[in-house]
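One structure is given below, encoded as structure tokens.
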Amino acid sequence: MLVTIPEPIDLTDEQASALFDREARRYLGMSAEAFLAAWDAGQFDADPDQSDVMYVAMLLPLVR
């Protein structure tokens with residue numbers, strides 16, 4: 001089976017921020033700003049392997 005890998009796309013800073021915010025709201029029900037504050041405060045440390053948290057955390061390079 002041949003798998004086609006899509007070409008990477010470049011996002012502007014505004015597009016990256018909007019994507020991060022949209023996914024934080026979608027997966028965690030919180031804004032990007034609220035997620036970043038909670039992440040920095042260590043609020044997810046008790047259970048860091050939550051799949052929704054990890055998905056959003058993997059997007060951190062978009063905004064940092």
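The values are calculated or read from the model by the stated rules, or taken from the named source; none is laboratory data. None of the values given here were measured: they were computed from a predicted structure. Here the Cβ positions follow ideal geometry from the backbone for every residue, glycine too, while neighbour counts run over all protein chains shown. Ligands, DNA and RNA are excluded from the accessible area calculation, which covers all protein heavy atoms including side chains. Shrake-Rupley method; radii C 1.70, N 1.55, O 1.52, S 1.80 Å.
For region 26-32, what does the Karplus curve 6.51 cos²θ - 1.76 cosθ + 1.60, with θ = phi - 60°, yield as ³J(HN,Hα) per residue in whole Hz, taken in order and with x for Gly and Pro?
5, 8, 10, x, 9, 5, 4
Pick from S17, S51, S31: which residue has the top mean-square fluctuation in a GNM of the chain where Cα pairs under 10 Å get a spring?
S51
Can you compute 3J(HN,Hα) from phi for each residue in region 16-24, using the Karplus curve 6.51 cos²θ - 1.76 cosθ + 1.60 with θ = phi - 60°, rounded to whole Hz and x for Gly and Pro?
5, 5, 5, 5, 4, 5, 4, 6, 4
With +1 on each Lys and Arg Cβ and -1 on each Asp and Glu Cβ, and nothing else charged, work out how big the dipole of the chain is about its Cα centre, in Debye to the nearest 20.
Using Cβ point charges on Lys, Arg, Asp and Glu, the chain gives about 140 debye.
So what is the accessible area of the chain per residue, in Å², with the probe set to 1.4 Å?
Computed with neighbouring chains in place, this is 78 Å² per residue.
Can you tell me the FRET efficiency between D10 and Q50 if r is taken as the Cβ-Cβ distance and R0 is 35 Å, rounded to the nearest 0.05?
Values: r = 30 Å, r/R0 = 0.85.
The formula returns an efficiency of 0.70 here.
Return the carbon/sulfur percentage of the accessible area of the chain, one whole number, probe 1.4 Å, all protein chains in place. Each step should come with its number before you reach the end.
Numbers: 2700 of 4990 Å².
Taking all protein chains in place, the chain shows 54 percent carbon and sulfur surface.
Just subtract the alpha-carbon distance of M30 and L62 from 0.36 nm times their residue separation and send over the number in nm, one decimal.
Gain on stretching M30 to L62: 9.8 nm.
Give me a comma-separated list of calculated 3J(HN,Hα) values for region 50-57, in order, Karplus coefficients 6.51, -1.76, 1.60 applied at θ = phi - 60°, integers in Hz, x for any Gly or Pro.
4, 4, 5, 5, 5, 4, 5, 4
Please report, for the Cα atoms of the chain, the Rg to one decimal and the Dmax as a whole number; what are they, in angstrom?
Taking only Cα atoms of the chain, I get Rg and Dmax of 13.6, 45 Å.
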